[in-house]
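A short worksheet on the structure shown next.
The values are calculated or read from the model by the stated rules, or taken from the named source; none is laboratory data. Quick caveat: nothing in here was measured; it's all calculated off a predicted structure. Every residue, glycine as well, gets a Cβ built from its backbone with ideal geometry; the counts of neighbours run over all protein chains shown. These area figures cover heavy atoms from the full protein model, side chains too; ligands, DNA and RNA do not enter into them. Shrake-Rupley method; radii C 1.70, N 1.55, O 1.52, S 1.80 Å.
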Amino acid sequence: MHHSEIRNSSTVFTTLETGSGDPVLFLHGFPDNHKTFSPIMETIGKKGFQCIAPVMRGYEASTISHANKLHVVDLVNDILGWMEDRRFDTVHLVGHNWGAIIAYAAGMYYPNRIKSITSLGVPLLKTFQDSFLWAPLQTIHSWYVALFQIPYIAELTIRSNQFALVDFLWKDWSPGFTPNQDHLAEIKANFQNPGILSSALAYYRNLNDLFTETGRESIVGIFDTHVTVPTQVLYGLNDGCFHKNLFEHLLDETDFPRGFRKIGFDHAGHFLHWEKRDEVTKLILEWLEKNK
């Protein structure tokens, strides 16, 4: 495993990399960092795949953007830029949390460039409007989204009591799991850097942006299309971020015409790649091999 850089035009992103062969991009979410995938990448990198985990846009000083540059479409364009930088014709995508949302969108917009998708802990948001029927508790689960819309108040709340909300979200989203404290300390330390926390929250603040062209394009792409890329969705049955019914009742294989499978894990929550690491790694590797 080594540190490196990857570019989108003139913007430089830090990465972790290991292995060689078919390229696989690992996309992290919130509140997290690119090191969340390190153990999985170590294993998969030894099996004929080049594993690359970039620090997602806005999570380091070199990539802090104005809010209008943090729509899903802009984040998908980062993937295309990285591919151009490394001269990759196609890639596999593995995404957790926001990384999964971006992976779905990349499969919608550029299916010929994406060989496969593995989504960890996030259903296809196209079906989210039906959550009130199948998972009424999702309204409670999504309380933090409303908080994150409020500038300054959200930042102040997250920073208070030594970033206690970061600890709470990991505990709430993965009940019964004790996260690695060194990993959480790195996440909190990064959010102390000027501009990083607000940039990370802009992902949420732009999710329903109807006032910009890229915002509208992102909404249409997420909520009104199919993912024409082989896709597997792995989720925890005790996920406190997305209710299990969103996966079990609302994920429809007809939305994934090129191939689909979903697997739920007992006694696991949102951070299942930490809680069920060996099983998740095995399933990711199977999907990569199948769709080489």
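Key figures
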| read-out | value |
| --- | --- |
| Amide hydrogen neighbours beyond the local backbone of H267, cut-off 5 Å, H modeled | L237, N238 |
| Computed lengthening from Y152 to K171, 0.36 nm per intervening residue step minus Cα-Cα distance | 4.4 nm |
| Gap separating the Cα centres of the stretch 153-183 and the stretch 1-34, nearest whole Å | 24 Å |
| Estimated vicinal HN-Hα couplings, Hz - the stretch 240-249 in sequence order (Karplus 6.51, -1.76, 1.60; Gly, Pro = x) | x, 9, 10, 4, 4, 5, 5, 8, 7, 10 |
| Solvent-accessible surface (1.4 angstrom probe) belonging to K282, in square angstrom, nearest 10 | 120 Å² |
| Per-residue HN-Hα couplings for the stretch 107-112 [Karplus 6.51, -1.76, 1.60; θ = phi - 60°; Hz; x = Gly/Pro] | x, 6, 7, 9, x, 6 |
| Integer Hz, Karplus 6.51/-1.76/1.60 couplings in order for the stretch 184-193, x for Gly and Pro | 5, 5, 5, 4, 5, 4, 5, 5, 7, 5 |
| All-pairs Cα distance distribution in the chain, expressed in whole percent, bin size 5 Å | 1, 6, 12, 18, 21, 19, 15, 7, 2, 0 |
| Top of D255, D182, D74 by mean-square fluctuation, Gaussian network on the chain, Cα under 10 Å | D182 |
| C241 long-range amide H proximity, modeled H, under 5 Å | H270 |
| Cut-off under 5 Å, modelled amide H: who pairs with F260 long-range | T231 |
| Accessible area, probe 1.4 Å, largest first, for residues W98, W274 | W274, W98 |
| Net dipole in debye of the stretch 2-291 [+1 Lys, Arg Cβ; -1 Asp, Glu Cβ; about Cα centre; nearest 20] | 200 debye |
| Of A105, I153, P194, farthest towards positive along the dipole that unit charges on Lys, Arg, Asp, Glu beta carbons give the chain | A105 |
| Contour excess over end-to-end distance, with Cα ends at H3 and V145 and 0.36 nm allotted per residue | 47.9 nm |
| Relative contact order %, the chain, counting alpha carbon pairs below 8 Å whose residues are six or more apart | 21 percent |
| Carbon/sulfur fraction of accessible area - the chain, other protein chains in place, 1.4 Å, % | 53 percent |
| Violating pairs (Cα-Cα greater than 18 angstrom) within the set K244/K282; K46/K282; K171/K282 | K244/K282; K171/K282 |
| The chain, accessible area per residue, ligands and nucleic acids excluded (1.4 Å, Å²) | 42 Å² |
